Every structure is written in structure tokens, then in C-alpha cells.
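The values are calculated or read from the model by the stated rules, or taken from the named source; none is laboratory data. Nothing here was measured: the structure is a model prediction, and the numbers come from that model. Here the Cβ positions follow ideal geometry from the backbone for every residue, glycine too, while neighbour counts run over all protein chains shown. Keep in mind that these areas ignore ligands, DNA and RNA; they rest on the heavy atoms of the full protein, side chains included. Shrake-Rupley method; radii C 1.70, N 1.55, O 1.52, S 1.80 Å.
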Amino acid sequence: MSQKSPSSEFSKPTKPTHPKKSANKTIKTPLEIFAEIAHIPHMSFHTQDLFAYICEFAQSCGYEVRTDTAQNIHAKTSVPPRLCFQSHYDMVGVGQADKPLELFRENGFLRAKNSSLGADNGIGVALQLYLMQKASDLEFLFTNNEEVGLLGAKGLELPIDSERIINLDSETFGEIVLGCAGGYDMRIVLELPRDERSYDFTYRITSRGFRGGHSGIDIHKGIKNAIVRLAEFISGITGGICAFEGGEKINSIPVHSCAIIKTNAIIESCEDFLVEKIQTKAPVYAKEPLMAFILGAKNGVRALNGQDVIDSLNISLVKLTSSKVCIDLMGRANTKDLLEKNLADLEALTKQINPNARIQIDDFYPPWERNISGDDDFLASVKKAFGDYPITLCEIHAGLECGILQARLENMGKKNLKILSIGPTILSPHSLDERLDLPAFEKFFGVLESLIENYRI
């Protein structure tokens with residue numbers, strides 16, 4: 001497929017920032033840098049090559065680099081910084097993300113062939129590296145393994161100089177995010193009893209046509225969860241299961257699901273599922289406990305505040321091995337009380353189905369609650385940088401690192417720290433359909449240029 005270079009529209013000269021870098025060095029555009037990042041596989045827990053790239057890039061721009069045991073990266077010069085910019089450098093790898101990505105343009109979007117794009121949050125990283133080439137009075141923080149429990153932020157050991165941080169992990173141009181949901185990861189293991197009944201037919205049922213998405217910001221969009229939909233499809237069929245699995249990542253709405261079911265009923269394919277008659281001698285287990293949990297867990301939006309989601313649940317992964325079925329879930333809520341109730345409801349449902357079930361909480365982080373007032377000078381400077389573009393102040397239903405970073409840095413002595421989050425428009429992150437809105441990105445690029453040109457402490 002013939003495509004333009006991913007950076008061709010963004011090679012135009014931009015206004016210099018203060019203080020100036022050397023005019024003799026060729027400045028790479030943000031999309032040129034992003035194309036280099038996309039060529040380096042950097043899924044969570046496999047970020048070592050991108051870690052090295054970021055460190056080398058920063059040092060080539062004259063920045064002093066420090067790192068910590070969580071593989072976070074801090075970069076600054078001897079010039080007192082006006083602002084600190086922050087992004088995470090790992091990505092959710094769906095599809096062929098373990099290989100260099102093949103980028104292409106389609107209808108005004110940048111995408112990756114057969115893979116998630118990693119614009120979440122690689123485009124933020126690329127913008128930070130771009131700014132390093134232009135200015136010496138900025139500070140940069142790159143965090144690791146955000147997508148698997150905000151691990152880098154939780155393990156941060158690097159103090160910063162700035163009193164103001166701009167996180168670049170938001171995904172709607174024009175939104176200035178001042179708070180976000182907290183969340184938890186839960187793993188439940190249920191024991192399924194054997195089904196000793198006799199059946200005439202065995203079917204493999206496989207999902208098809210599901211599109212997936214981000215389990216936070218996309219949870220209200222009516223995207224079908226392939227695991228839940230499979231449970232709905234087979235729950236009314238008398239029979240037992242030999243296999244049941246589904247999902248890709250803990251923080252993605254599942255695309256894949258598959259079950260092997262034994263029954264005396266005739267089952268036919270439908271829009272969501274391919275049904276194939278097969279033969280197997282695998283043992284058969286009662287499906288009722290698993291169906292009761294999946295259909296009783298209230299997957300999706302649990303509560304709204306007006307039009308805003310403030311409480312949700314995503315059934316992310318299911319795997320039946322012998323008689324044990326392992327279920328991974330992610331709960332989110334924008335208040336501490338809702339988050340605790342969300343978790344307690346799941347624990348109660350589990351114990352109701354099987355008092356001996358194993359429940360494991362792998363992660364729990366509180367919501368990031370807004371601490372910036374409407375008349376704050378820092379907020380006013382960011383709003384001004386958007387010029388005539390419409391803006392919205394909001395709190396989002398997704399997990400950002402801001403609250404954890406604030407707590408970590410306050411413990412290091414930053415008592416007056418303020419953080420907000422902005423970003424370009426990224427659609428369907430954590431999925432094969434992830435795409436960067438290029439016109440919105442060009443606007444956002446201009447906003448950052450304006451902010452850096454005009455922001456004063």
C-alpha cells in the first residue's frame with residue numbers, strides 16, 4: 001500500500017522557543033519521532049529498548065538524564081525549568097505489537113497495520129522529545145509500565161524541580177482534564193463441578209466482528225464485550241462446557257471469546273459467533289456458576305453523573321483450565337465511595353456463587369481529585385494557549401497517573417504541586433482500531449508551541 005510519510009504534513013518550520021537550541025542541528029518533527037518510537041517494540045514489561053532510545057535522545061539534546069529502579073526517566077538541564085511535561089512510554093500491545101509497527105494514513109488518521117498504534121502514550125513521548133530539541137528551560141518525566149497498574153508512577157523515586165506538571169496522556173483535543181477515576185484489578189478463580197450428563201453434539205463457538213476499545217473512556221459507547229456476549233449466547237442452552245476463554249488485556253474491552261459446549265440442542269452461527277460442530281473427548285463442566293458470575297456482575301456502566309460515567313466494570317479476561325476458571329476484571333469509579341462499593345459488590349457476588357472462590361486484588365488506586373480552581377493562573381495559561389479552539393474542563397473515567405504522581409512528589413517535598421492533563425484526539429486506544437486524528441494532532445501541536453512560547457512562571 002502506498003502511503004505518505006507519517007511526518008510529511010508536520011515538517012513546516014515552527015516558531016523558536018526560549019531559550020534557543022543550536023540552529024545548526026536538524027530538528028525532527030513530532031511525527032518523525034513517533035515513527036521512530038513505533039519502530040521499537042515497547043509493550044508493557046518489554047520497554048527496555050525504548051528506555052534506551054529516550055535516554056540517548058535526551059542526552060543528545062544536552063539534557064541530564066536520571067533514572068530509578070522502576071525505569072522512570074527524568075531529564076533536565078542546568079537552566080531552572082518553567083514546566084515539567086510527563087508521559088508514559090509503554091503501550092498496550094494488541095495484535096502484532098511485538099514487531100516494528102507499519103504505520104499508514106487512512107481518512108485523516110494515523111494507524112498501524114494489524115496492531116494497536118501506541119499513540120497512547122507514544123505521541124506524548126514524541127512531543128516531549130520534540131520539545132527537548134527546542135528549549136532548555138523545560139523538565140521532562142517519562143514513566144514506565146503505566147498500562148499494567150501505573151507501576152512506574154507508583155515506584156517513582158525521582159524528584160522534580162517544577163511546581164507545575166502537564167501530563168500528555170489525555171485523548172480528546174480541547175479537554176483539559178483536572179481529575180480522573182481510580183480503579184482496581186481483580187482476579188477471581190471459581191471451581192466448576194463436573195457435568196456427567198450425556199450429550200449428542202459438541203460445538204466450538206467463536207466470536208467474530210467485535211471491535212474492542214478502552215475499558216474506561218469507551219465503556220459508555222455501546223461496544224459489545226465478547227466475553228459477556230458469549231455468556232448471553234450460551235446461558236439459555238442446556239449443556240456443559242469443555243472450554244471457555246476470552247479477552248486480550250486487563251484494560252481492554254474484549255474482542256475474542258471462544259467456548260466448546262456439549263448439548264443436545266441444535267446451535268447455528270449468528271452475526272456475533274461462528275458455530276462449528278466438532279468432536280472432543282475433553283471433560284465437561286457445569287457452566288452455570290460461570291454464567292451466573294458473568295451475567296450477574298453488571299459489566300459496563302454502573303452509574304452516571306448527568307452524561308458522565310462515574311462507575312463502571314469491565315470483564316476483561318476469562319480462561320478455563322481443567323475445572324478452574326480464572327476471571328480478570330477491572331473496576332473504575334470517580335469517587336472513593338463508589339470505587340469501594342464497586343469492589344464490594346463483586347466480592348459479594350463471588351461469595352454468593354461459591355463461598356470457597358479465590359479473590360485476589362492485584363491493584364487498587366484512588367481517584368485523582370481536582371485541586372485546581374477555575375481562576376488558577378496555571379490553568380489560565382493553558383486555556384490561553386488553546387486560543388479560539390473550544391475547551392472543556394473535565395474529570396474523565398479513565399486512569400491517569402496524575403494523582404499518584406502528585407502523592408509521590410508531595411512526599412518528596414513538592415507541597416504546592418499542580419497537575420493537569422491535555423492531549424490530541426486518539427480514538428479506540430487499546431485496540432486494533434486505535435488511530436490518531438491527524439488534523440486534531442496538528443492543532444494540539446500548535447497549542448503546545450504557543451504554551452511554551454508564552455508561559456512564564
Response to the item:
Of the candidates CYS61, VAL79, LEU101, the farthest towards the positive dipole end of the range 22-121 (Lys/Arg Cβ +1, Asp/Glu Cβ -1, centred on the Cα centre) is VAL79
Worksheet item: Got a number for carbon plus sulfur as a percent of the range 341-398's accessible area, 1.4 Å probe?
Response: 48 percent
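Quick check on the range 99-188: take the gyration tensor over C-alpha atoms, sort the square-rooted eigenvalues as a ≥ b ≥ c, and tell me if it's rounded (a/c under 1.5), prolate or oblate.
On the way: a/c = 1.68, a/b = 1.12, b/c = 1.50.
Oblate shape, in that a/c is at least 1.5 and b/c is the bigger or equal ratio.
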Practice prompt. Could you pull out every one of the aspartates and glutamates with an alpha carbon less than 18 Å from that of LYS113, ignoring same-chain neighbours closer than 8 positions?
Written response: GLU32, GLU36, ASP98, GLU102, GLU248, ASP433, GLU434, ASP437
Worksheet item: Any idea which of THR202, GLY155, ILE227 is furthest toward the positive side of the dipole for the range 119-277, if Lys and Arg beta-carbons carry +1 and Asp and Glu beta-carbons -1?
Response: THR202
Practice prompt. Choose one of ILE391, PRO424, CYS402: the residue whose Cα lies farthest towards the positive end of the charge dipole of the range 379-427 (beta-carbon charges +1 Lys, Arg; -1 Asp, Glu; about the Cα centre).
Written response: CYS402
Fill in: Label assignment, Cα extents along the principal axes in Å derived from the structure, set [x] 87, 57, 43; [y] 73, 48, 39; [z] 79, 51, 41
[z]
Fill in: Computed magnitude of the charge dipole of the chain (debye, nearest 20; Cβ of K, R +1, Cβ of D, E -1)
360 debye
Worksheet item: Cα to Cα, under 21 Å, and not fewer than 8 places away if on the same chain: which lysines meet these conditions relative to LYS298?
Response: LYS221, LYS224, LYS249, LYS287, LYS319, LYS336, LYS341, LYS351
Worksheet item: Between the range 296-324 and the range 189-245, how many Å separate their Cα centres?
Response: 14 Å
Practice prompt. Starting from the Cα of LYS281, draw a straight line to each of the aspartates and glutamates and keep only those under 14 Å, dropping any in the same chain fewer than 8 residues away.
Written response: ASP195, GLU196, ASP200
